Structure formats: C-alpha cells, structure tokens
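The values are calculated or read from the model by the stated rules, or taken from the named source; none is laboratory data. The model shown is predicted, which means the values in this text are computed figures rather than measured ones. Virtual Cβ from ideal backbone geometry, glycine too; neighbours counted across all protein chains shown. Calculation scope for accessible area: heavy atoms of the full protein, side chains included, ligands and nucleic acids excluded. Shrake-Rupley method; radii C 1.70, N 1.55, O 1.52, S 1.80 Å.
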Amino acid sequence: MQLEIAGFATFLVFGDDDTFTLGDSERLESLYRWLNEPSLASDIAAERALTFRVYFASLAEDRATGAGWKRTEVLVRKSLKDATRDGRFAAARKAQRMLELLPARKESWNQVLRSWNELTATYLTHEALSSWSAAEKLRGLRAISSTSVPVAGLGSPHRGAA
C-alpha cells in the first residue's frame, strides 16, 4: 500500500520524468524525506502536509468507490488478455495474480481509508488548521518590534512578486 501511495504522490509532488527512473522503495524514501525534512519551517511543513492530504484524498476517492475498483479490474483483465495474446507469459501470470489478490487489496485499502479518515479527523481538521494558522500569525506578530515595521522590497517573495 505504501509503495502504491508513494508512486502516485511522488508523481504528483515532483511532477517530472525523474520520478519514473526511481524504484518503488526509492519513491517511498523520497516522499518520506520530502514530508519529514529536518529543520523545515512550520509553514512549509504544513503546506507539504496539506499537499499530501489533497493528493492522497484524490487517490483514496478512487479506492473508496466501487467504480474505482471496477476500472482497476477492467484494466487488469485487459492486461491479462493482451499479455496472453502476445505470448508474454510473465506479464500474464502477474496480471492473473493481481486479479486473484484484488479482493484482499480492496480490503487493505478499506483499512487504510479508515485509518486515514481517523488521522485527518484528529489532526487535519478545519479547526486544527485554523488554530495552527492563528498561532503562526501570532508568532509572526511577536517578531515585529513595536518601533519598526519591516518593509518588503519590490522583488521580495513576501509581496507576492515572482
């Protein structure tokens, strides 16, 4: 499950062809490093967590519906048919095995989705994000002295300019 999620997320997060040259475990490690980079500013860490949440929700939505699983089954059956027709026996065996494991995979995804929903309901709620945002604003206000107000330069990223 982790490898499937990491493959999908790294493709969306990094969005370049280099992702396809990584092996599954390298994708997982790359995503883990991106989410857990040491000494990362809290606003960037929160942005990355929210980005992952959006990407995972997209993948999970497909895995939460019968239509998503039906599409998966249709694709695997097509792969099996094509591989058998073309004499690619290793690919045909792999597709057959995927079909056999589909019910177990679906149940594993159901467990992942229950766990994910519990996690987001606890830590990534609107209230939790609002509290974090308010704390960040308050911390930012404390950094401004009462005698001077910083002025962002014209090329400053804090002005929204590129």
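In order along segment 3-11, phi translates into HN-Hα couplings of 5, 5, 5, 4, x, 5, 5, 5, 4 Hz, rounded to whole numbers, per the Karplus curve 6.51 cos²θ - 1.76 cosθ + 1.60 with θ = phi - 60° and x for Gly and Pro. Here segment 53-113 is assigned +1 on the Cβ of each Lys and Arg and -1 on the Cβ of each Asp and Glu. Its dipole about the Cα centre then comes out at about 200 debye. Only protein heavy atoms count here; on that basis, with a 1.4 Å probe, residue 106 has an accessible area of about 90 Å². Set Lys and Arg Cβ to +1 and Asp and Glu Cβ to -1, take the dipole of segment 29-89 about its Cα centre, and tell me which of 67, 55, 38 lies farthest positive. Farthest along the dipole direction, towards plus: 67.
Here residue 130 sits with roughly 50 square angstrom of accessible surface, probe radius 1.4 Å. Largest accessible area first, the listed residues 14, 89, 52 line up as 89, 14, 52 when surface is computed with a 1.4 Å probe on the assembled protein chains.
Once all protein chains are placed together, residue 88 keeps about 120 Å² accessible to a 1.4 angstrom probe.
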